[in-house]
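The values are calculated or read from the model by the stated rules, or taken from the named source; none is laboratory data. Values in this document were obtained by computation on a predicted structure and should not be read as measured data. With ideal geometry, Cβ positions are generated from the backbone for all residues, glycine too; neighbour counts draw on all protein chains shown. These area figures cover heavy atoms from the full protein model, side chains too; ligands, DNA and RNA do not enter into them. Shrake-Rupley method; radii C 1.70, N 1.55, O 1.52, S 1.80 Å.
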Amino acid sequence: MNDILEILQTENFSRENLVRLLKTNPPDQEILFAKAARVKELYSGNKVYLRGLIEFSNVCRKDCYYCGIRKSNQKVERYNLTGRQILDAARYAAEKRFGSLVLQSGESKGKAFTKRISTLLKKIHQKTNNTLQITLSCGEQTAETYKEWFENGAKRYLLRIETSNQSLYRKLHPENHSFSERVNCLYDLKKYGYQVGTGVMIGLPFQTIVDLAGDLLWMQQFDVDMVGMGPYLEHADTPLFAERDRVLPLKDRFELSLKMIAILRVMMKDINLAASTAMQAADKLGREKAIKVGANVFMPNITPGVYRDQYKLYENKPCTEETPEDCLSCISVRIGLTGNEVALGEWGDSIHYYSR
Ligand code: 5AD
Ligand code: FES
């Protein structure tokens, strides 16, 4: 039997076998992609769930070496949406029957911030008649804060581990950013009952295929409910830009990301897997391609237009000029092209979370 087929059929996802899967090229690669598509179809049918993404602030207390909105980047104009602007965007998502919202920001901490989010959560649920499931993506927080937000109606949380290799994590972050604190946060989130999402960047400087295989195993072992991952994309105003000659060509980083998505779909059949914006930044049809190999979540950006351009984690971020209306019609067409359909009005909770 063909090696790749055998690994997929026996589901023997050892580190060595994951490396082999990550190294596949056509035609073997097609075996992997076809298997992932079948698994997606079996578990989510031809549905793709929407999450309206609101990037409500680019103020960040952290200084990750790869990220365009890091604290030390003085070239970024900082913004913070008003409660009214956030509520308007949430109402828009409810009217368009998106089913769910993601509130994302740079990392801020403290009582005032915690309270602000709690108030927002309550107001959004009230003004949209509890029709939206809310995901938060606001970085590392204390256990009490996570608990308070859960009690106020956030049911999902995204916090990427970025890489499961601790020494690589060290190279990508300043001294005071701690891998173990990040992991602890993920366990706290799980403890309080969130559907927990994580993810990694693919094709980072110094990252190896073995690291990526380790990332897949880490996510499986942590037993995540949701994953968002995509290629690392350079940003000229960040320290990691100095290592730009060490990264794979963008096309290869993109291909590797597609394989990561497809493999994880086969490993974790019932999780929610996002077709990330970074996929589209790397390839014009990146999100469609991701859906075809197993992603079942699409996150249209509904941040008010003027601010979209200021939430630049990386360069060539797509759709910064689009209005939400343009975005919505574009999305239906794009998802339709993949042979899937948009699951309007559905929360699209992680099946994995409920089957645990
Ligand atoms: N390239 C790709 N992804 C990035 N992120 C941050 N900076 C970059 C970059 N330069 C991702 C991180 C973070 C998420 C919000 O965006 O994984 O967790
Ligand atoms: Fe903001 Fe990394 S730079 S969390």
Task: DSSP-defined beta bridges in the chain - what % are antiparallel, rounded to 5 - done: 5 percent
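Of the heavy-atom accessible surface of region 201-244 (probe 1.4 angstrom), what whole percent is carbon and sulfur?
Numbers: 690 of 1270 Å².
Carbon and sulfur atoms account for 54 percent of the accessible area of region 201-244.
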Task: Heavy atoms of GLU346: accessible area, 1.4 Å probe, square angstrom to 10 - done: 60 Å²
Task: Average accessible area per residue (Å²) across the chain - probe 1.4 Å, nucleic acids and ligands excluded - done: 42 Å²
- [ ] Could you list which residues have their amide H under 5 Å from that of GLY52, counting only those 5 or more apart in sequence or on another chain, with H placed in the peptide plane?
- [x] SER100, LEU101, VAL102
Open item on the list: By the 4.7 Å beta carbon criterion, which cysteine residues of the chain come out unpaired?
Closed with: CYS60, CYS138, CYS185, CYS319, CYS327, CYS330
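Heavy atoms only, probe 1.4 Å: what % of the accessible area of region 50-114 goes to carbon and sulfur, would you let me know?
Values: 1300 of 2770 Å².
Summing carbon and sulfur atoms, their accessible area is 47 percent of the total for region 50-114.
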- [ ] Taking just the C-alpha trace of the chain, give me its Rg and Dmax in Å.
- [x] 19.1, 60
Task: Span per principal axis, largest first, for the Cα atoms of region 24-106 (Å) - done: 47, 38, 15
- [ ] Please list the radius of gyration and Dmax for region 205-356, considering alpha-carbon atoms only, with Å as the unit.
- [x] 16.1, 45
Task: P(r) histogram, all alpha-carbon pairs of region 78-168 included - 10 Å bins from 0, percent - done: 15, 48, 28, 7, 1
